[in-house]
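In what follows, a single structure is set out as structure tokens and then discussed.
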Amino acid sequence: MAEPLRTTEIFADYHAAMETFIDERWSDGLPVMLPTPDLVDAMIAGGDRAGDEVLGIVSTRELPVHVWQAATSAVMAGCKPSYFPVVLATWDAVLAPEFNLHTVLSSTGGPAIACVVSGPYAQAIGMNAGTGLLGPGNRANATIGRAIRIGALTALKAVPGELDYGAFGHAGKYTFHFPEGEPPAGWSTLREQKGYARSQTTVTVMAAEGPHQISHRWAPTADEYLVTVASGMRDPSRNGTGADTSYILALGPEHMGLLADAGMTPASIAQRLSELSAITVEDLRRAGINHATGRIYYGEPDARGLLCNARPENILVIAAGGPGAGWSALIPNFAKVSVTGPVTREVKLPQK
């Protein structure tokens with residue numbers, strides 16, 4: 001395996017450099033910040049590791065990711081050096097074996113890398129957990145996720161049509177990072193659910209289809225609302241449904257308040273959704289899917305005739321989003337968790 005070398009290219013002018021970056025497919029198709037040596041060094045200094053350190057190796061591709069490559073991609077994406085600890089933590093998470101990054105980047109299913117940043121550092125760097133958090137307008141949200149995608153393109157050669165065979169892909173493949181909002185009193189944060197302290201900051205990554213906005217504004221009870229969410233989870237046209245998959249459920253203020261007022265918590269919400277979202281072989285049949293043919297993928301029904309859609313620990317319930325008529329966002333894994341599961345890692349800040 002040949003080690004990638006950190007080299008410097010000389011261009012005639014800014015325009016020539018930009019056109020080369022796009023033509024050579026060193027970018028995501030959009031213009032980038034040019035990664036001059038001083039900007040890359042400043043980005044490296046924003047993290048807690050040396051530039052030549054290897055963050056991990058994707059064994060199927062036999063390609064390593066170095067800190068300097070992550071920093072170069074972060075500069076190109078438009079990150080500030082203060083964002084780099086989140087970029088590094090995301091690389092730590094996606095390079096974990098259970099995330100199965102090679103499959104995530106190359107699958108014809110075309111998933112994006114969704115990432116929830118949970119903790120005080122997200123607020124410190126100005127990430128948006130409120131209105132429009134999954135859309136444009138916030139530099140940190142937009143550029144941190146973009147840094148990971150550009151790194152996948154450059155360091156891991158995940159170029160569409162080459163080592164990225166996503167039949168369609170979706171807009172989350174440009175960027176899909178967002179922070180957790182502030183939960184109601186008595187609710188644990190996502191980082192606490194994953195065993196970290198409330199004072200820490202973590203990233204949790206998941207190979208995701210596009211987000212699906214959940215509407216329920218007709219004065220529901222808490223359980224009626226969860227039935228509505230579960231109906232979205234039960235859609236058998238999705239690849240992971242009924243095969244033990246995972247979800248991120250980002251609860252908007254109205255729905256979060258409804259559930260909190262009913263005495264529910266993220267744990268009890270996940271438990272109830274796991275129960276409500278289970279499907280049957282007949283559900284698959286009505287959707288045109290032959291369980292007998294797909295038995296290896298779906299597994300066998302339990303004694304009640306139910307196929308597990310998602311276990312409670314793989315339904316990640318968070319506070320996020322802005323006020324409105326009553327909206328939340330359901331983000332499904334593109335496959336079952338034995339193919340790729342959610343992974344959480346701590347954001348480590350540089351020592352002063």
query = In the stretch 113-151, which residues have a backbone nitrogen under 19 Å from the label point lying 7 Å from Asp48's Cα in the Cα-to-Cβ direction?
reply = 116-126
ask   = Taking the Cβ of Asp164 as the center, what net charge do the other residues with Cβ under 15 Å away carry, scoring Lys and Arg +1 and Asp and Glu -1?
value = +3
query = lysines near Lys173 by alpha-carbon distance under 26 Å, same-chain residues fewer than 8 away left out - which ones?
reply = Lys80, Lys157, Lys194, Lys336, Lys348
ask   = Near the amide H of Val343, under 5 Å away, which other amide H atoms are found, from residues 5 or more places off or on another chain, if H is placed in the peptide plane?
value = Val205
ask   = Which residue, chosen from Pro160, Ala50, Met264, occupies the Cα position most advanced towards the positive end of the dipole of the chain, where the dipole is computed from +1 (Lys, Arg) and -1 (Asp, Glu) charges on Cβ about the Cα centre?
value = Met264
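I need the shape label for the stretch 39-131. Rule: rounded when a/c is under 1.5, else prolate if a/b > b/c, else oblate, with a, b, c from the alpha carbon gyration tensor. Don't skip to the end; give the middle numbers.
Working: a/c = 2.02, a/b = 1.21, b/c = 1.67.
Here the stretch 39-131 falls in the oblate category.
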query = Among rounded, prolate and oblate, which fits the stretch 162-256 when a ≥ b ≥ c are the square roots of the eigenvalues of its C-alpha gyration tensor, a/c under 1.5 means rounded, and a/b larger than b/c means prolate?
reply = oblate
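When a/c is below 1.5 the answer is rounded, else prolate if a/b is larger than b/c, else oblate, so apply that to the stretch 123-173 with a ≥ b ≥ c taken from the square roots of the Cα gyration tensor eigenvalues.
On the way: a/c = 4.64, a/b = 1.95, b/c = 2.37.
Oblate is the answer for the stretch 123-173, as a/c is 1.5 or above yet b/c matches or exceeds a/b.
Which value, in debye to the nearest 20, describes the size of the charge dipole of the chain about its Cα centre when Lys and Arg Cβ atoms bear +1, Asp and Glu Cβ atoms bear -1, and nothing else is charged? Write out the running numbers ahead of the final one.
Numbers: 26 positive and 34 negative charges, 91 e Å.
Value, rounded to 20: 440 debye.
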inquiry  = Quick check on the chain: of the DSSP beta bridges with both residues there, what percent are antiparallel, nearest 5%?
reply    = 75
key: Span per principal axis, largest first, for the Cα atoms of the chain (Å)   = 66, 47, 33
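Based on DSSP loop calls and a cut-off of at most 12 other Cβ atoms within 10 Å, the longest stretch of the chain free of exposed GluC sites (Glu not before Pro) is what?
Working: sites that count: Glu9, Glu24, Glu62, Glu162.
Looking at the chain, 163-352 is the longest stretch - no exposed GluC sites (Glu not before Pro) with at most 12 other Cβ atoms within 10 Å.
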request  = Please list, in chain and number order, the residues 5+ apart from Leu55 or on another chain whose amide H is under 5 Å from its amide H, with Hs placed from the backbone.
outcome  = Val65, His66, Val67
Sorted peptide list for 286-292, 12-18, criterion being average Cβ within 10 angstrom, highest first = 286-292, 12-18
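No lab work stands behind these numbers, since they all come straight from the coordinates. Just so we're clear, the structure is a prediction, and the values are computed from it rather than from any experiment. We place every Cβ from the backbone using ideal geometry, glycine too, and count neighbours over all the protein chains shown.
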